Amino acid sequence: MSGASERQGPEFSRLAEEYGTPLYVYDGDEITERFRGLRGALHPSLEVFYSLKANPNISICALLNTLGARAEVSSLTELVTARKAGVEPRDIIFLGPGKSRAELAACMDEAIYTIVCESVGELALINEVAAERGVVAPVALRVNPSFAVKGSGLTMGGKPRQFGTDEEQLFAETDLATRFPAVRLMGVQVYLGTRILSEDVVVENTTRILELAERLADKLGFPLEMVDIGGGLGVAYFDGERDLDVDVLAEKLNPVLDAFARRFPDTRMIMELGRFLVAVSGTYMVRVRYTKTSMGENFAVSDGGTNHHMAAVGIGSYVRRNFPIVALEREDEPTTEAWNVSGPLCTPNDLVGKKVPLPPLATGDLLGVQRSGAYGPTASPVHFLSHGYPAEVLVLEGRSHLIRERDDVTDMLARQRLYDAAPGDGS
Ligand SMILES: Cc1ncc(COP(=O)(O)O)c(C=O)c1O
């Protein structure tokens, strides 16, 4: 597994100096290179949609949009973020198992490309909201297929799941395309799982999804205007993992996509990607506050921890595995010691790294958790102990941009209300 972005220690020192720690740094040049590499290799008919859930920062979304990514959103705020970041409505899809009426209404008011519907109950609500507005809503069906993905870090389909509608149920709903007059079925979406590191698995999933989409549209009698093949492309985090080889992936996947595109030249083919586009770009920087030993083990107690980087605990795996962690200003020094890297929380689980090989550490050392651009603070308990969100910086073409200010005490208290303790009259 190679390292993270190409940024060097002195640059990180400057950023820490200027913006303070804990800090997320995203290498925009790395994001650009990665997107262009993937875009250049994959079949031109396949459109890449950025899944904002991986990193919802508006500047990250805007950067990817300038590169040609579209947007897959899963909340009202993500929808507004994508629009403010410059993504055109026709390039936005909205999915998620528990959409609210307000979210569905916003999808229609913004006239986004499609709502990815996750249940028949949701379809009825879409129909109601659309009818109220006097529009016909374009809808893609999210299918939970009968087949499961192999080799994914977290399985989202092919099992009992709250996502999508089971394949067999959909095939039994033969009047679905006509049952709801304010709904226009126009596509199929399947998302099988995340953190896939095998090119062959992606190819096999795609083949099966395309075949399923065709069969379903045929059975239910709607035109296949779009197929979203999910994605789930992973990046290597842990020892023994290997990054996907984009050229190998393209070589194997493109013929499958090409065959489909020839048969369905007017169908949009979509791949939705979060982690793969942004993970490698990110470094979570913390500064060591105290060093200590406890019962023979070294601890570097730092100014940030799992409150900003829950994924570093091991992404749901039972075996504890470390993200790549380095001493940013001392990368040339031999890593002769093993350090537990902990944060400011009052829980033993607040360890971003366990027995990490590092040089001897001291107070003030700058540590970097690499490959941390996806599912960082957005997927972490940032409010625990009221520390709040960390600052985020985007480095692009030699300039650094503060793209999120860190929360301060005022921010943390802003939405709390002190109850009125004045004695009442007892009534
Ligand atoms: C439906 C759906 N689409 C896209 C994504 C983004 O996945 P990834 O970050 O692995 O690309 C997820 C992640 O859970 C998802 O559930």
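None of the figures in this text is laboratory data; all of them are computed from the coordinates on show. In this text, all values refer to a predicted model and were calculated from it rather than measured experimentally. Using ideal geometry, Cβ is built from the backbone for each residue, glycine included, and neighbour counts are taken over all protein chains shown.
Observations on the structure shown:
- Low-density loop positions, trypsin sites (Lys or Arg not before Pro), the range 262-347 - DSSP coil, at most 15 other Cβ in 10 Å: Arg320
- Mean sequence separation of contacting Cα pairs (under 8 Å, at least six apart), scaled by the length of the chain, corresponds to a relative contact order of 19 percent.
- Percent of beta bridges antiparallel (DSSP, the chain, rounded to nearest 5): 40
- Along the axis of the charge dipole computed for the chain (Cβ charges of +1 for Lys and Arg, -1 for Asp and Glu, origin at the Cα centre), the listed residues Gly40, His308, Cys346 are led at the positive end by Cys346.
- Between the alpha-carbon centres of the range 194-208 and the range 216-244 there is a gap of 7 Å.
- Number of Lys-Lys pairs in the chain with C-alpha atoms under 30 Å apart and a separation of 8 or more places or on different chains: 19.
- With neighbour counts taken as other beta-carbon atoms within 10 Å, the residues Lys252, Lys53 rank, fewest first, as Lys252, Lys53.
- DSSP-assigned coil residues among chymotrypsin sites (Phe, Trp or Tyr not before Pro) in the range 146-245, each with at most 16 further Cβ atoms within 10 Å: Phe147, Phe238
- Seen against the Cα atoms of the chain and their longest principal axis, helix 199-220 is set at about 30 degrees.
- Centroid-to-centroid, using Cα positions, the range 18-50 and the range 302-350 are 24 Å apart.
- When the Gaussian network model of the chain links Cα atoms closer than 10 Å, the mean-square fluctuations of Leu233, Leu413, Leu210 top out at Leu413.
- Seen against the Cα atoms of the chain and their longest principal axis, helix 28-41 is set at about 40 degrees.
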